[in-house]
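Enquirer: Quick one: the structure is below, questions incoming.
Every number here is computed from the coordinates shown, using simple stated rules; none is lab data. Note that this is a predicted model, so its numbers are computed, not measured. Cβ coordinates were reconstructed from backbone atoms using ideal geometry, including for glycine residues, and neighbour counts include every protein chain displayed.
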Amino acid sequence: MMGLPIDKLVVATNENDVLDEFFTTGVYRVRKSAETYHTTSPSMDISKASNFERFIYDLLDGDSARVAALFKKVETAGGFDLSGHPGSDGDEFAKIAQFGFVSGKSVHADRLQTIRQVQAKYGITIDTHTADGIKVAQENLAPGVPMIVLETALPAKFNETIREALGHDAERPAGFENIEALPQRFEVMTADINQMKAYISRHTGL
């Protein structure tokens, strides 16, 4: 919208596919606890999307009253429907393509395969979230258009999955080689905001 020459924005989700469902159907359906899965790309384990209102605001041409009404429906009915089907809340789904968004989903088996593929082709170990991004990015490649995937975490944080995919541990940054053997420091305190503020102040000089 500001003029940056981006062909499309690729949204990758894991098994918690609330955004993929919206971008492929126009239906935004918040997941219940039982429908929110614990996966090997845990930072993507969401039941509803943060900051999603910002995109809906643009999709609805800045109609803030309608945005507020739709997200009130999220709280009362668990979601809304912009598919344009009979009984839906609107027909803006057809406009999503104008914003350049496409989406896809990656599951655990995809992550393992993508981690192996990138390691074999480039000699690089990627984390599980980046694997989700690369898997979906590969499904949306276009001839002559570069695709950029943003890496989000160190592979060593998800070593169990890296070991499952590659058969060995992920490389660790210098200084973190034996982190499990280092002492853990913590202090138990009551849930008192003033006590927490005083603790922070004492230990940071603020």
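Enquirer: Using the Cα centre as the reference, give the magnitude of the dipole from point charges on the C-beta atoms of the chain (Lys, Arg: +1; Asp, Glu: -1; all else neutral), rounded to the nearest 20 debye. All intermediate terms of the calculation are to be shown ahead of the outcome.
Expert: Numbers: 21 positive and 29 negative charges, 60 e Å.
The calculated dipole for the chain is roughly 300 debye.
Enquirer: Highest GNM mean-square fluctuation, the chain, Cα pairs closer than 10 Å: which of TYR28, TYR122, TYR57?
Expert: Maximum fluctuation in the GNM of the chain, among the listed residues, is at TYR122.
Enquirer: A follow-up question, please. At most 11 other C-beta atoms within 10 Å and a DSSP loop state: those are the exposed trypsin sites (Lys or Arg not before Pro) I care about. Give me the longest piece of the chain that has none.
Expert: On the way: sites that count: LYS32, ARG185.
No qualifying site falls inside 33-184, the longest such stretch.
Enquirer: A further question follows. Please find, in a Gaussian network model of the chain (springs between Cα atoms separated by less than 10 Å), the residue of MET196, MET44, MET147 whose mean-square fluctuation is greatest.
Expert: Most flexible of the set in this elastic network: MET196.
Enquirer: Looking at the chain only, what percent of DSSP beta bridges run antiparallel? Nearest 5 please.
Expert: Restricted to the chain, the bridges split so that about 45 percent are antiparallel.
Enquirer: Suppose the chain between SER50 and GLU171 were pulled fully straight at 0.36 nm per residue; how much longer would it get relative to their current alpha carbon spacing?
Expert: On the way: separation 121, 0.36 × 121 = 43.56 nm, distance 3.16 nm.
That works out to 40.4 nm of additional length.
Enquirer: Between the alpha-carbon centers of region 134-206 and region 99-131, tell me the distance in whole angstrom.
Expert: If we compute the Cα centre of each part, the gap is 18 Å.
Enquirer: Here is a further query. Considering only HIS38, HIS85, HIS129, give the residue with the highest GNM mean-square fluctuation for the chain, with springs between Cα atoms whenever their separation is below 10 Å.
Expert: HIS85
Enquirer: What FRET efficiency do you get for ALA120 and MET147 if R0 is 22 Å and r is their Cβ-Cβ distance, rounded to the nearest 0.05?
Expert: Working: r = 19 Å, r/R0 = 0.86.
Efficiency computed from Cβ-Cβ geometry: 0.70.
Enquirer: Then there's this: Find the lysine pairs in the chain meeting two conditions, Cα atoms under 21 Å apart and a separation of 8 or more places or different chains, and report how many there are.
Expert: Close lysine pairs under the 21 Å cut-off: 13.
Enquirer: Treat each spin label as a single point 7 Å out from the Cα along the C-beta direction, and report the THR25 to GLN138 distance in nm.
Expert: In this crude spin-label approximation the distance works out to 2.7 nm.
Enquirer: Would you mind calculating the gained length between THR36 and ALA109 on full extension (0.36 nm times residue separation, minus the Cα-Cα distance), in nm to one decimal? Intermediate results must be reported in sequence, preceding the final value.
Expert: Numbers: separation 73, 0.36 × 73 = 26.28 nm, distance 1.80 nm.
Fully extending the segment from THR36 to ALA109 adds 24.5 nm.
Enquirer: Put +1 on the Cβ of each Lys and Arg and -1 on the Cβ of each Asp and Glu in region 1-104; which of GLY3, VAL67, GLY26 then has its Cα farthest toward the positive end of the dipole?
Expert: Toward the positive end, the furthest listed residue is VAL67.
Enquirer: When the helix-only estimate is applied to the chain (DSSP H runs of n ≥ 4, each -39,500 (n - 2.57), divided by the residue count), what is the mean residue ellipticity at 222 nm, nearest 500 deg cm²/dmol? Walk me through the intermediate numbers first.
Expert: Details: 7 runs with 76 residues, N = 206.
Calculated at 222 nm, the ellipticity per residue is -11000 deg cm²/dmol.
Enquirer: Relative contact order for region 1-134: what is it in percent, counting Cα pairs under 8 Å that are at least 6 residues apart?
Expert: Numbers: 189 pairs, mean separation 41.7, N = 134.
Worked out over region 1-134, it gives 31 percent.
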